[in-house]
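Taking it in order: structure first as structure tokens, then the write-up.
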Amino acid sequence: LIQKYSGGARPALDRLGGTTWEKAKSRVKKAMRDMAEELLKLYAARKAVTGHAFSADTHWQEEFEGAFPYDLTSDQQTAIEDIKRDMESPMPMDRLLCGDVGYGKTEVSMRAAFKTVMDGKQVAYLAPTTVLAFQHVKTLGERFAGFPVRIDLLSRFRSKQEQKQSLADLAEGKVDICVGTHRLLSKDVVFRDLGLLIVDEEQRFGVAHKEKIKQLRKKVDVLTMTATPIPRTLNMSLVGIRDMSVIETPPKDRLAIQTNVVKFDQAVIMRAVRNELARGGQVYFVHNRVESIFSIGALLARLVPEAKIVVGHGQMGEHDLEKAMIEFMARKHDILLATTIVENGLDIPNVNTIIINRADRYGLSQLYQLRGRVGRSDRPAYAYLLIPPEMSLSAVAKKRLAAIREFSELGSGFRVAALDLEIRGAGNLLGGEQSGHIDAIGFEMYMKLLEQAVRELKGEEVEDEARAGVNLGIDIRIDEDYVPDMAQRLVVYRKVAAARSETEIGEVLDEIADRYGPLRDSVLNLAAYGRIRVMADKLGIESIDRQGSAVVMKFRDGARKASHPPDPTKVLSVLRRRSDVNLVPPSSLRLNLSIGVRHDADPSPPRTRMGSESTLTPRGRGLGRRGPSAPSWWTARATTGTVTPGFTKAEILKPPKENPLAEGGLFDRVGSLLEDLLR
């Protein structure tokens, strides 16, 4: 199966038939095994430890959840059920909650926090930035108002005296939920009875902090949240190592953000700001250079003199930054001119326009996160990505900006992440140590090898990577006017190529028919190819090649290890019954297409659609028997009384004349031989 190469580096091509590719794969396989061993050790340690099994929901929990003013989405509800089930189990929870920006992950985490407090345990809420920590304290304070829960903050926003008092209260159990940055991971932070660790945007923490989090995972329940969408392949490959819940459903009435990539133009900026202020809203202006941020502030003041502007950046004093954020949230200012400190977590529904200066300097996921700061209400939201007018953009920058503009609809985060892997590489996703391996073989192959390594170490059966090669010289491309989108056609090709059973192919056909209408011959040909490959794999066939008016099937040396290895007596029986098949030493069968099949060779009924009771097409063309080796129309439908005078039963049963090299006939002939060998 050919895979698309996804990685940040430009790959060096290997020679077909050479040894360099296999060497690279074996080198990465060894690294995968080491990584999988580490993951499984952590998993085993968690399983060996008996954690705290939280009690079932109390009436307080029901009251807390009932106070939420909005309806939960179906994905939120599922995630909450998953988390509660994990918490009520004696094994420590380690769940990743992945969801697009503004899709309600915080509410899910707060319900888990409340459940923890109801059992008399404490919660550590870890955020990557002081601004986000402050935002969480504000959100938690509002949500927990009216309940006897004490929430505290540990960050550089607090004075040393305040921090000292908070640490003492934490150790005595007076604080129920403590929100903080990596300060929470310091040695002097002692919880009286920690029950739950909530980590927001774990990938933004450093290696040392991640190690500390990893050690905590063995002891307490851990819920990790990320708005940076992780490709599904990552979840699949770590199956059983880390549980995952995905929130893909947008909140009710949420609108897509209208994204514009424009050259830096003062008139555009002025119009965008004034349009937002005219409807009573506020604006983010992102400028990621501290040294020139006040020059931009002066420009904004000149363009929109009626607007009140406040500046926020990471080099400000704690109290100044805190004051700026609080005042902006309280709507005392119209524009927040800031660096990327606004990237994560800021949730201010009244802000529905964001202007990002020098958007060409940001990564794709970063642009996606920044844009996600707006559009968090039922109002239309706008994002303006400003690029310099005088310079030409690099190919990578053009690709990023085109992608962020294209992926503006709700829930497109997974596609953004997949494309970011292509543009930037996957090093940041799995750590720098692994990035070299990813560059060598590509992200998809890397994840496939990791999945295999994990399954091997868990003692699970790993499917044989080698698949039968099928080359019948038939065009199996899907008609472009039937499935117009190229990406969707590629998805279908991959599903058929990856199918390991006829049921899977049947499911693909059902899905295509449901989306695009009655199945075309091109799709049926593709499905027939897939079915032949599935049967060939079962028999341990290495290749099926068309050679002129014959098809040669070559068996592997290790065909005995196949799920349905060919029985010599069965092969001999097929050779005796079928004049169109002969043996080619040492391990091949030759199907002669110019010789017809004896009609009495197979009395089996005609095949129906795989995974379905209905036939494949209205014309009755299935993926199995056709023509001479199937019961004829007469035997299937006619009675003696309905036979047209002048025709005998023998004449009606005579095989129809058809071109044995035509697509349908060729697939059916090859399929019929494979069926005979499997029967």
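Quick look at the values:
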{"read-out": "Test for Gly363: is it at pLDDT below 90, farther than 23 Å from Asn260 by Cβ and small (Gly, Ala, Ser)", "value": "no"}
{"read-out": "Unique residue being under 19 Å from Val268 (Cα atoms) and within 30 Å of the chain's Cα centre (by Cα) when the list is Ile354, Ile296", "value": "Ile354"}
{"read-out": "Which numbered condition Val137 fails, given (1) more than 24 Å from the chain's Cα centre (by Cα); (2) more than 15 Å from Asp200 (Cβ to Cβ)", "value": "(2)"}
{"read-out": "Where Leu526 falls short, out of the listed (1) buried (at least 17 other Cβ atoms within 10 Å of the Cβ); (2) at pLDDT 90 or above; (3) over 24 Å from Leu673 (Cβ atoms)", "value": "(3)"}
{"read-out": "Pairs with Cβ under 6 Å, 6+ apart, first in the stretch 667-678 and assigned by TED's automatic domain parsing to the domain that holds Leu583, second buried (at least 23 other Cβ atoms within 10 Å of the Cβ) and among the hydroxyl-bearing types (Ser, Thr, Tyr)", "value": "Ser672/Ser629"}
{"read-out": "Residue satisfying condition, being crowded, with 16+ Cβ neighbours inside 10 Å and part of a loop (DSSP other than H, G, I, E, B), within set Phe64, Phe54", "value": "Phe54"}
{"read-out": "In the stretch 173-211, residue modelled with the highest pLDDT [restricted to those that are assigned to a helix (DSSP H, G or I), over 15 Å from Leu223 (Cα atoms) and under 30 Å from the mean Cα position of the chain (by Cα)]", "value": "His182"}
{"read-out": "Set Ile544, Ile532: member being buried (at least 17 other Cβ atoms within 10 Å of the Cβ) and assigned to a helix (DSSP H, G or I)", "value": "Ile532"}
{"read-out": "Residue in the stretch 296-318 that is in contact with a Leu (Cβ under 8 Å, 6 or more places away or on another chain), within 18 Å of Gly375 (Cβ to Cβ) and surrounded by 15 or more Cβ atoms within 10 Å (Cβ to Cβ) present", "value": "no"}
{"read-out": "Listing of helices (runs of 4 or more DSSP H) fully contained in the stretch 249-364 that carry 1 or more residues being β-branched (Val, Ile, Thr) and touching a residue at least 12 places away in the same chain (Cβ under 8 Å)", "value": "266-278, 293-303"}
{"read-out": "Arg373 buried (at least 22 other Cβ atoms within 10 Å of the Cβ) and either closer than 17 Å to Tyr103 by Cα or touching a Gly at 6+ places or on another chain (Cβ under 8 Å) (or both)", "value": "yes"}
{"read-out": "Filtered residue count, the stretch 530-546, keeping only those that are within 29 Å of the chain's Cα centre (by Cα) and either among the hydrophobic types (A, V, I, L, M, F, W, C) or modelled with pLDDT of 90 or more (or both)", "value": "4"}
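The values are calculated or read from the model by the stated rules, or taken from the named source; none is laboratory data. As the structure is a prediction and not an experimental result, all values here were calculated from the model. Every residue, glycine among them, receives a Cβ derived from its backbone with ideal geometry; neighbour counts consider all protein chains shown.
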